[in-house]
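Below you'll find the structure, written out as structure tokens, and then a few comments.
The values are calculated or read from the model by the stated rules, or taken from the named source; none is laboratory data. Keep in mind that this is a model prediction, so the values were computed, not measured. Every residue, glycine as well, gets a Cβ built from its backbone with ideal geometry; the counts of neighbours run over all protein chains shown. Side chains included, ligands, DNA and RNA excluded: accessible areas come from the protein's heavy atoms. Shrake-Rupley method; radii C 1.70, N 1.55, O 1.52, S 1.80 Å.
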Amino acid sequence: MSELYSLQGRFFSAVRNATTGKPGKRTWLGNASAATLAISANKSDKNESFGGSRGLYGSLVTGKSGTLNITLDEFLLENLALALHSTPVAIASGTVSAEELPSGLVAGDEVQLDQRFVSSLVLTDGNASPVTLVEGTHYEIVSLAGGIVKVISPASLTQPFEAAYSYAAADSLAIFANSTPPERWIFFDGINTVTGDKVILDLYRVQFDPVSDFGLINDDWGGLQLTGTLLLDPINLKNSNLGGYGRMMKSKAA
């Protein structure tokens, strides 16, 4: 039977329990267009000095290392959290009643509101009997998502202007919000498409670097290219069937 292989599969992440060494709730990372595992051993070689040829006499393994390189295609919260070293924070929807804009605005100036994903925007001037600004006459909306407003004709109005609006719920990810790099248990649920054999890979502790190339303008499909370093798991190291870094399992042929 052929043992050629071509793998496909799904990647999941989980937070590892530091006490039990077991993974918690798994999160599917969506479609991954590429993934490679690179493992290596650092060696210190010793050459002989008694035979005259200085041949290799011994080789001592001084260290082991591994990296996971994965390209995640989907704009999911977990993927962004790994890429940005962040923890998502849910922002609830709400309303703003009297947000004061900067003073001294002239025609052509653009200002940004405090909130994002804005709707139902109303601008009034600073007169004792406030005048409601007319969209298309006094101002125009550049971006409701960005909360950006452009002043058109402020001459007859009293500044500062005030904004009242609603804003939608959102997920916020502050870049480098986490003091330590994110660490995950990575699980690969795969299949050899040549033979139909199932292939399982567990990596117990993968510490991810921040994304090195986050394309913000895409002519084609976007993707988050992440690199994670394999760390030693001292709990699973005690189990010879698990090893300290991870294990691969392949189903037996029927």
For segment 158-241 the trypsin sites (Lys or Arg not before Pro) that pass both the DSSP coil test and the at-most-12 other-Cβ-within-10 Å test are Lys238
Kindly provide the chymotrypsin sites (Phe, Trp or Tyr not before Pro) of segment 111-217 that DSSP labels as loop, not H, G, I, E or B, and whose Cβ sees at most 12 other Cβ atoms within 10 Å. Phe176
Between Leu237 and Asp109, what is 0.36 nm times their sequence separation minus the Cα-Cα distance? Round to one decimal in nm. 39.9 nm
Between Ala90 and Lys252, take the C-beta separation as r, use R0 = 45 Å, and let me know the FRET efficiency to the nearest 0.05. 0.50
Those lysines that a straight Cα-Cα span of less than 30 Å connects to Lys250, excepting residues fewer than 8 apart in one chain: Lys22, Lys25, Lys43, Lys64, Lys198, Lys238
Whenever you get a sec, compute what percent of the accessible area on the chain sits on carbon and sulfur atoms (1.4 Å probe). 53
Please give the per residue accessible area of the chain, computed with a probe of 1.4 Å over protein heavy atoms only, in Å². 61
On the formula 1/(1 + (r/R0)^6), with r taken between the Cβ atoms of Ile217 and Ser6 and R0 of 30 Å, the FRET efficiency rounded to 0.05 is 0.35
If each of Trp28 and Ala169 carries a label point 7 Å out from its Cα toward its Cβ, how far apart are those two points in nm? 2.2
Once you have a ≥ b ≥ c as the square roots of the Cα gyration tensor eigenvalues for segment 175-246, tell me rounded if a/c is under 1.5, and otherwise prolate or oblate according to whether a/b is larger than b/c. oblate
Per 0.36 nm of contour for each residue apart, how much would the distance between Glu100 and Thr20 grow if the chain were fully extended, relative to their Cα-Cα spacing? 23.5 nm
Which of the listed residues, Val211, Asn42, Ser143, is farthest toward the dipole's positive end in the chain, when Lys, Arg count +1 and Asp, Glu count -1 at the beta-carbon? Asn42
